[in-house]
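Here is the structure we will look at, set down as structure tokens.
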Amino acid sequence: MDSIVDLHVSRYQPNGQMAEHRHDEAWFCLVVDGAYEETVLGMRNEHAPGDLLYCPAHAAHAQRFGKVGARKVIFAVDEALAAILSEHRTRMDGRPLLRRSRRLQAMGRAIVDALAVGDAFVPMSAQALALDILAETGRGLAELAHAEPGWLRRVRASLHEDPAAGITLETLAELADRHPVHLARSFRSFHHCTVGDYVRRLRVERAAHLLRTTRRPLLEIALDCGFAGATQFSRSFRAVYATTPSAWRETMR
């Protein structure tokens, strides 16, 4: 049962705030009660019971809690389980995994109850429930991928084809034969981020690849990947990787 580690329940006070901070470890977080706003890796989302989130290691994030505070089940996974999740394309990039899932909320409350028992079987019981949460999440993500309409898949394919292109929401809407507002709402509903967030991550990931595999100057990479200049490139890169492009390149050598 070592695949689930550091499982615990955290409670947060009403109207509380947590300034931007980072953790050395990656965490899964299931909202059981309450609500809050979180900014992570340059993305902002409102979270409610039944939301399962993933915060990558060293990701800068900040939180602001609502009038009733929040209660969350938090746990990490070992390298073996993380590899399995990645192999099955479980999204682990800071976007919410599933949202407003009553089944996940019920599982989270079952973990809270299990931890309250306090006997020798608590770790086994709670960790098994956490594994069930990940299994339910994998199935839910597969269902969402299957349900994504063809026109939205075409939009994403065009973004992946050339992330550096100066594509506007209106251009994408014309490609999809949909109204821009409908496109924006549908994209966020399926992918839990805005089109702009998605494109920025694609550009940063391409830049990271070039930083790792070439010796090209930073400004040249920035412009090639669609950034307006060095300042925007550094700000966007730091939002995703929590470090500067030059520092990241040094660590990859």
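Tally the residues that are at positive phi, surrounded by 13 or more Cβ atoms within 10 Å (Cβ to Cβ) and assigned to a strand (DSSP E or B), restricting the search to region 1-56.
1
Any idea how many residues of region 143-172 are part of a helix (DSSP H, G or I) and over 30 Å from L210 (Cα atoms)?
Going through region 143-172, the residues part of a helix (DSSP H, G or I) turn out to be 143-147, 150-161, 169-172.
Add one more test, that the residue is over 30 Å from L210 (Cα atoms), and what stays is 143-144, 146-147, 150-151.
Number satisfying all stated conditions: 6.
Go through region 195-253 and tell me which helices (runs of 4 or more DSSP H), entirely inside it, have 3 or more residues that are closer than 13 Å to G42 by Cα and not β-branched (V, I, T). Before you say what the answer is, go through the steps one by one.
Working: elements: 195-213, 218-224, 230-241, 245-252.
Qualifying helices (runs of 4 or more DSSP H): 195-213, 230-241.
Would you tally the residues in region 140-176 being free of Cβ contacts under 8 Å to residues at least 12 places away in the same chain, open to solvent by less than 80 Å² (accessible area, probe 1.4 Å) and farther than 30 Å from R102 by Cα?
5
Tally up the residues in region 173-186 that are part of a loop (DSSP other than H, G, I, E, B) and either out of contact with any Phe, Trp or Tyr (no Cβ under 8 Å at 6 or more places or on another chain) or under 21 Å from L223 (Cβ atoms) (or both), please.
Just the residues of region 173-186 that are part of a loop (DSSP other than H, G, I, E, B), to begin with: 177-179.
When the remaining residues are screened for being either out of contact with any Phe, Trp or Tyr (no Cβ under 8 Å at 6 or more places or on another chain) or under 21 Å from L223 (Cβ atoms) (or both), the result is 179.
Of the residues in region 173-186, 1 are part of a loop (DSSP other than H, G, I, E, B) and either out of contact with any Phe, Trp or Tyr (no Cβ under 8 Å at 6 or more places or on another chain) or under 21 Å from L223 (Cβ atoms) (or both).
Within region 44-60, is there a residue that is in contact with a Ser or Thr (Cβ under 6 Å, 6 or more places away or on another chain), touching a residue at least 40 places away in the same chain (Cβ under 8 Å) and farther than 18 Å from D93 by Cβ? Let's see the steps before the verdict.
Of all residues in region 44-60, those in contact with a Ser or Thr (Cβ under 6 Å, 6 or more places away or on another chain) come to 50, 52.
Filter once more, so that each one left must be touching a residue at least 40 places away in the same chain (Cβ under 8 Å): 50, 52.
Imposing the further condition that a residue be farther than 18 Å from D93 by Cβ reduces the set to 50.
Yes.
Please verify whether S234 is among the hydroxyl-bearing types (S, T, Y) and touching a residue at least 24 places away in the same chain (Cβ under 8 Å), treating the condition exactly as stated. Explain how you work it out, then say what you get.
Values: among the hydroxyl-bearing types (S, T, Y): yes; touching a residue at least 24 places away in the same chain (Cβ under 8 Å): no.
No: the conditions fail for S234.
Out of everything in region 187-208 that is surrounded by fewer than 18 Cβ atoms within 10 Å (Cβ to Cβ) and among the small types (G, A, S), what residue ends up being farthest from L219 (Cα to Cα)?
S189
Looking at region 83-114, which of its residues are in a helix (DSSP H, G or I) and open to solvent by less than 70 Å² (accessible area, probe 1.4 Å)? First the steps, then the outcome.
Filtering region 83-114 down to residues in a helix (DSSP H, G or I) leaves 83-87, 102-114.
Those that are in a helix (DSSP H, G or I) and open to solvent by less than 70 Å² (accessible area, probe 1.4 Å): A83, L85, L104, Q105, A106, M107, G108, A110, I111, V112, A114.
Being within 20 Å of the chain's Cα centre (by Cα) and on the phi < 0 side of the Ramachandran plot is true for just one of A247, A222, A239, A230. Which residue is that? Outline the logic, then answer.
Working: A247 fails: within 20 Å of the chain's Cα centre (by Cα); A222 fails: within 20 Å of the chain's Cα centre (by Cα); A230 fails: within 20 Å of the chain's Cα centre (by Cα).
Of the residues listed, the single one that is within 20 Å of the chain's Cα centre (by Cα) and on the phi < 0 side of the Ramachandran plot is A239.
Can you find a residue that is touching a His at 6+ places or on another chain (Cβ under 8 Å), of a type in the set (D, E, K, R) and modelled with pLDDT under 90 anywhere in region 90-101?
Yes: one or more hits.
The values are calculated or read from the model by the stated rules, or taken from the named source; none is laboratory data. Computed from a predicted structure; not experimentally measured. Ideal geometry is used to build each Cβ from the backbone, glycine not excepted, and the neighbour counts take in all protein chains shown. Side chains included, ligands, DNA and RNA excluded: accessible areas come from the protein's heavy atoms. Shrake-Rupley method; radii C 1.70, N 1.55, O 1.52, S 1.80 Å.
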